[in-house]
Amino acid sequence: MTRFERVGLIVHPAAGRGEGAIREILPVLLATIKAEAVFIVTGTLEAEIAEEMGIRFTPVELPFSRDFSGITSASDAMISRGVDTIVGVGGDGTLCAIANSIIAHGGKARLIGIGAGSSNVGPLVTICGEDLKKFDLEHLTEQAVHGVAVTVNKAFKGIAFNDVTFSNIFFGTKDGKRVDLDAYAIFEGVRREVEPHSVCGETTKVYKNGRLMIDASVTPIEQIIASPINDPLPYSGKAVSGLLCWGPYLGKDGVLAAANTILIRTYIDTSTLTALEPLCLRQVGFGDGDTITVTGLKHGAVVIADGNPICPLSPGDRVTLRLKRSVLRVYKLT
């Protein structure tokens with residue numbers, strides 16, 4: 001790994017692949033990090049393993065919790081100590097929490113994301129943990145990534161880098177198995193499985209710069225998803241798969257899609273999809289200066305940013321989405 005001056009290491013031990021997998025990742029990662037100073041929160045799994053390996057680190061005294069608020073607090077504390085890079089170990093939600101902290105503090109620190117979650121598909125992931133032994137981390141390049149800023153009733157809630165979904169569920173892990181968890185209940189401290197259902201209804205509408213684009217009372221929809229397009233190449237030049245996302249062709253770095261079925265769920269079988277044919281996906285592109293507004297969602301709807309529930313919604317709430325170009329810089333393998 002390129003040598004840095006001041007590196008913070010933040011690990012989410014409850015990330016999707018579990019503590020056992022993270023215990024396998026950490027020794028390889030700690031032996032790889034080359035820095036003038038490595039900052040680690042005391043009392044954490046990463047501190048325990050670093051001590052066992054005899055690795056010297058700068059302790060950060062902070063009560064650490066296993067939820068995303070703990071990740072944010074650790075990020076805030078390390079940035080205040082002047083780290084130039086944060087190495088995050090966890091899933092897309094973990095890395096999103098770290099990224100939002102970096103942005104909130106001016107965006108000077110860089111992020112290296114080690115994927116160890118239920119999903120590791122976002123642009124913040126530098127490398128998946130199981131591949132650490134296979135790759136030469138001496139060669140990293142700095143890249144800018146786009147995000148989608150979420151505002152609810154004029155209150156800023158956060159930035160997503162992979163996707164923003166409106167749903168009643170988010171992905172979690174139970175007994176080593178990926179499951180659908182109740183997103184609304186998590187704000188009450190309750191972690192339970194639940195069946196996915198639509199949070200869209202006849203009153204649901206999507207506006208772009210004040211113009212009505214999607215009206216669910218005219219064309220019913222089941223789910224709304226928005227995403228920045230950080231890599232248009234997978235969509236380009238393909239007759240079918242490319243046309244599934246119009247964003248790159250419209251010159252937009254953000255796309256909102258409204259589907260006639262619930263697409264974001266742990267499992268969806270072919271018989272369900274076949275019964276719903278023809279499948280419909282309505283898309284709205286948005287870029288610099290555009291404002292997307294979503295209204296009329298049902299009670300129980302939650303805004304999910306990169307797999308992390310960030311705000312429960314009421315039927316009268318207005319959600320605003322705006323593209324944030326090059327809002328964060330991350331390290332990627334060359």
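List the lysines whose alpha-carbon lies under 28 Å from that of Lys205, not counting same-chain residues fewer than 8 positions away? Straight-distance partners of Lys205: Lys154, Lys157, Lys252, Lys298, Lys324. A straight Cα-to-Cα reach below 20 Å connects Lys177 with the aspartates and glutamates Glu19, Glu24, Asp67, Asp92, Glu130, Glu193, Glu195, Asp269, Asp306, residues fewer than 8 places away in its own chain not being considered. Angle of helix 68-80 to the longest C-alpha principal axis of the chain, folded into 0 to 90 degrees and rounded to 10: 50°. Going from the fewest other Cβ atoms within 10 Å to the most, the residues Leu95, Leu132 appear in the order Leu132, Leu95. Rounded to the nearest 10 degrees, the inclination of helix 92-104 to the longest alpha-carbon principal axis of the chain is 80 degrees. Note on the chain: with a GNM built from Cα contacts shorter than 10 Å, the maximum mean-square fluctuation among Arg211, Arg178, Arg282 falls on Arg211. For the Cα atoms of the chain, what angle does the longest principal axis make with the long axis of helix 18-32, in degrees from 0 to 90, nearest 10? Roughly 50 degrees between the two axes.
Reducing segment 285-334 and segment 139-183 to their Cα centroids gives an inter-centroid distance of 9 Å. Judged by the gyration tensor of its Cα atoms, with axes a ≥ b ≥ c, segment 4-138 is rounded; a/c sits under the 1.5 cut.
Suppose R0 equals 35 Å; then what is the FRET efficiency for Asp131 and Thr291 from their Cβ-Cβ distance, rounded to the nearest 0.05? With a Förster radius of 35 Å, E is 0.35. Computed over the chain with a Gaussian network model linking Cα atoms closer than 10 Å, the most mobile of Asp67, Asp180, Asp253 is Asp67.
No lab work stands behind these numbers, since they all come straight from the coordinates. The shown structure was predicted, so the numbers you read here are calculated from the model rather than taken from an experiment. Positions of Cβ are generated from backbone atoms using ideal geometry, with glycine treated the same way; all protein chains shown enter the neighbour counts.
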